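K.L.:
Below you'll find the structure I mean.
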Amino acid sequence: MTDRMPTILVVDDTPQNARLLDAMLSPHGYAVVVAHSGGDGLEKVRSERPDLILLDIVMPDMSGYDVCRRLRGDPATQLLPVVMMTSSGDQDKVAAIDAGADDFIARPFNPPELLSRVRSLLRIKTYYDTIQSQAAELAELNRTLEERVQRQVAQLEGLDRLRRFFSPQVAEVILEDGGQMLETHRREVTIVFCDLRGWTAFSATAEPEEAMNVLNQFYGTVGPRIHTYQATLEQFAGDSIMAIFNDPVPCADHTTQAVRMALDVRGETNALALGWRLNGYDLDVGIGIAEGHATLGRVGFEGRFDYRATGTVVNLASRLCAQAEGGQILLAPRAYAAVTDLVEVDAVGPLQLKGFPRPVETYNVKSLKAGAPTIG
């Protein structure tokens, strides 16, 4: 029950009895509805949804026992409180209980007794209604929880697929965004290429197992750092890895982040290169970094899509990486301009790069400047 006035249905074919009950109950805050036959009473149960029924036993169309049995046979009313009103003795009382009545009261009514029984049964109904409401809420919570679990499982499955290309942070944002970020667009980005120096000669003579082991070491070193620095893995193909900073998720000071990642990668791959040389492999890692505008978006076909960046900035980073010697991090002019306060460099000089009509001023990163933080 809610804060509304409790409704009591009086089913009695004698109008005087109904008026008497109304006069006794209404002053105590009860809304009284009257039905003058058993059939009318059943209709009023459906239309008025009473909280309690005061039911006469002897009526012309159907007895109070029949009405009570009908109520108890309906799941919607099987627990509705019913009080039988009788002028007879114990035999009618037993029959009333057998028919499903919750209580009975003898005529003539004792007003305090009648009110006490009504209050008691309504209190029980209030407890029952509360339990039913809580059960419905629990069922709804269970239903919505199941839906949420299914959505989260789908998201996790999608996240696992996206992690082939993006860092976990980026993959989660893309999943929430519904893929809108992957539509073709323009953005200022920083592109980083990492490449194995000496790979062509090595792979021509190495056993396939040796070549795969080297690639796994290389990918296993560079890949996690791409995630750590919240970049997007655009591709890894053969001996080369490409990462994008500032797309599809914005990255503050993206060129700074890219250079910090490159320094971290160089520190780790220097150790790898030492191990490779001990095994007789003449291998090292070179890195090229460029900053500028690119066109980015999803490319592919149904069932297989990749994320790609295209434009001069991509070609420039790739060409610088191809020119980098082992252990070098080569910066294009705009990339260097963004990190002049962060790193110490050597001017490599103008490089004539394939596909570029004029030589490109290039800078090799030596180290972080004194006092510069090592991670963003």
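K.L.:
Determine which single condition Leu115 fails, assuming it passes every other condition in (1) farther than 24 Å from Gly29 by Cβ; (2) among the aliphatic types (A, V, I, L, M); (3) under 58 Å from the mean Cα position of the chain (by Cα).
P.N.:
That leaves (1) as the condition not met.
K.L.:
With Gly158, Gly89, Gly64 as the choices, which residue is modelled with pLDDT under 85, surrounded by 14 or more Cβ atoms within 10 Å (Cβ to Cβ) and among the small types (Gly, Ala, Ser)? Steps first, please.
P.N.:
On the way: Gly89 fails: surrounded by 14 or more Cβ atoms within 10 Å (Cβ to Cβ); Gly64 fails: modelled with pLDDT under 85.
Of the residues listed, the single one that is modelled with pLDDT under 85, surrounded by 14 or more Cβ atoms within 10 Å (Cβ to Cβ) and among the small types (Gly, Ala, Ser) is Gly158.
K.L.:
Given the residues Asp13, Asp61, which is the only one that is charged (D, E, K, R), in contact with a His (Cβ under 8 Å, 6 or more places away or on another chain) and more than 27 Å from Ser133 (Cα to Cα)?
P.N.:
Details: Asp61 fails: in contact with a His (Cβ under 8 Å, 6 or more places away or on another chain).
That would be Asp13, the only listed residue that is charged (D, E, K, R), in contact with a His (Cβ under 8 Å, 6 or more places away or on another chain) and more than 27 Å from Ser133 (Cα to Cα).
K.L.:
Sticking with this one: Quick check, is Gln328 surrounded by fewer than 20 Cβ atoms within 10 Å (Cβ to Cβ) and either modelled with pLDDT of 95 or more or not small (Gly, Ala, Ser) (or both)? Even if it seems obvious, please write down each step before you answer.
P.N.:
Working: surrounded by fewer than 20 Cβ atoms within 10 Å (Cβ to Cβ): no; either modelled with pLDDT of 95 or more or not small (Gly, Ala, Ser) (or both): yes.
So Gln328 does not fit the description; no.
K.L.:
Then there's this: Output the residue which, of all residues in region 198-251 that are among the small types (Gly, Ala, Ser) and in contact (Cβ under 8 Å) with a residue 40 or more places away in the chain, is surrounded by the fewest Cβ atoms within 10 Å (Cβ to Cβ).
P.N.:
Just the residues of region 198-251 that are among the small types (Gly, Ala, Ser), to begin with: 198, 201, 203-204, 206, 211, 220, 223, 231, 237-238, 240, 243.
Adding the requirement that they be in contact (Cβ under 8 Å) with a residue 40 or more places away in the chain leaves 198, 201, 206, 231, 240, 243.
Working: Gly198: 17, Ala201: 12, Ala206: 17, Ala231: 28, Ser240: 16, Ala243: 30.
Selected residue: Ala201.
K.L.:
Shifting gears a bit: Looking at (1) surrounded by fewer than 19 Cβ atoms within 10 Å (Cβ to Cβ); (2) out of contact with any Gly (no Cβ under 8 Å at 6 or more places or on another chain); (3) over 22 Å from Arg119 (Cα atoms), which is the only condition Arg4 fails?
P.N.:
(3)
K.L.:
Separate question: Can you confirm whether Ala31 is in contact (Cβ under 8 Å) with a residue 24 or more places away in the chain, in contact with a Gly (Cβ under 8 Å, 6 or more places away or on another chain), farther than 19 Å from Asp102 by Cα and assigned by TED's automatic domain parsing to the domain that holds Ser87?
P.N.:
Working: in contact (Cβ under 8 Å) with a residue 24 or more places away in the chain: yes; in contact with a Gly (Cβ under 8 Å, 6 or more places away or on another chain): no; farther than 19 Å from Asp102 by Cα: yes; assigned by TED's automatic domain parsing to the domain that holds Ser87: yes.
Spelling it out, it is not the case that Ala31 is in contact (Cβ under 8 Å) with a residue 24 or more places away in the chain, in contact with a Gly (Cβ under 8 Å, 6 or more places away or on another chain), farther than 19 Å from Asp102 by Cα and assigned by TED's automatic domain parsing to the domain that holds Ser87.
K.L.:
Further, regarding this structure: Just to confirm my filter: which strands (runs of 3 or more DSSP E) fall fully inside region 275-376 and include at least 1 residues that are touching a helix residue (DSSP H, G or I) at 6+ places or on another chain (Cβ under 6 Å) and under 24 Å from Arg187 (Cα atoms)? Full working, then the answer.
P.N.:
Numbers: elements: 284-301, 304-310, 329-331, 343-351, 360-368.
Strands (runs of 3 or more DSSP E) meeting the threshold: 284-301, 329-331, 360-368.
K.L.:
To continue, here is another question. Among the basic types (Lys, Arg), over 24 Å from Ala23 (Cβ atoms) and touching a residue at least 24 places away in the same chain (Cβ under 8 Å): which single residue out of Arg72, Arg117 fits that description? I'd like the intermediate steps shown before the answer.
P.N.:
Values: Arg117 fails: over 24 Å from Ala23 (Cβ atoms).
Going through Arg72, Arg117 in turn, the sole match is Arg72.
K.L.:
It is to be established whether one or more residues within region 43-54 are more than 29 Å from Thr130 (Cα to Cα), in contact (Cβ under 8 Å) with a residue 40 or more places away in the chain and surrounded by 22 or more Cβ atoms within 10 Å (Cβ to Cβ). Steps first, answer last, please.
P.N.:
Residues of region 43-54 more than 29 Å from Thr130 (Cα to Cα): none.
Checked against the condition, which is being more than 29 Å from Thr130 (Cα to Cα), in contact (Cβ under 8 Å) with a residue 40 or more places away in the chain and surrounded by 22 or more Cβ atoms within 10 Å (Cβ to Cβ), region 43-54 yields no hits at all.
The values are calculated or read from the model by the stated rules, or taken from the named source; none is laboratory data. Computed from a prediction, not measured in an experiment: that's the story for all the values here. Glycine also receives a Cβ, built like all others from the backbone with ideal geometry; neighbour counts cover every protein chain displayed.
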